[in-house]
Every structure is written in structure tokens, then in C-alpha cells.
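What follows is one structure encoded as C-alpha cells, with my remarks underneath.
Every read-out reported here was derived from the displayed coordinates using simple, explicitly stated rules and does not represent laboratory data. Predicted model, so just to flag it, every value in this text is computed and none were measured.
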Amino acid sequence: MFQGVGNFAITGYILYIMTDFLHRGNQTQSSIQLVNMIMLIFGILMGLVAGPLSNKFKILKLPVGLSTILLAIAGLSCSS
């Protein structure tokens, strides 16, 4: 749940920055789509990595937390 809220927060913040500070009216939609596509790819990759790791090491919190942190880094790197 927190990962989904984080994704929406990052997308909303990027939308706010692009419309109010950068004044990128026509390019905002394509930029948001690019950010969401990158986050989707990272989400799928982290899901494929975190699932087998959690099964192998019999832990759940560490791979999930790591994948969420890497998704946040991907989202923040797209906004800069």
C-alpha cells in the first residue's frame, strides 16, 4: 500500500513541478508517461528479483523494502 501511495505522490509532485515551475504545458503528458513507464519497468524487475530472494532466504521485509527504495530512486532520478 505504501509503495502505491509513494508512486502516486511522486507522479503528483512531478506534475506539479512541470506545470507550475517549469511551465511545460504541452510536454507534461509525455514526460509523466515516460516517468510511469520507467517506474513500471523498475517495478517489474524488482518484483522478479525480490520474489525469488525472499523465498531463498526466508525473509520478506528486506527485499520488499529494497525494491521500494530502488523504485523511489528511479522516480526521483526521472524528475531531475
Phi angles of the stretch 15-30, converted by Karplus (6.51 cos²θ - 1.76 cosθ + 1.60, θ = phi - 60°) into ³J(HN,Hα) in whole Hz with x for Gly and Pro, give 4, 4, 4, 5, 7, 8, 9, 8, 6, 9, x, 7, 8, 5, 5, 5
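What ratio of Cα Rg to 2.2 N^0.38 Å holds for the chain? Don't skip to the end; give the middle numbers.
Working: Rg = 14.6 Å, N = 80, 2.2 N^0.38 = 11.6 Å.
In units of the 2.2 N^0.38 Å rule of thumb, it is 1.26.
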Over the Cα atoms of the stretch 1-48, what radius of gyration and what Dmax do you get, in Å? 12.0, 37
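Over the chain, what is the relative contact order in percent, taking alpha-carbon pairs closer than 8 angstrom and at least six residues apart? Intermediate results must be reported in sequence, preceding the final value.
Working: 41 pairs, mean separation 29.0, N = 80.
After rounding, I find 36 percent.
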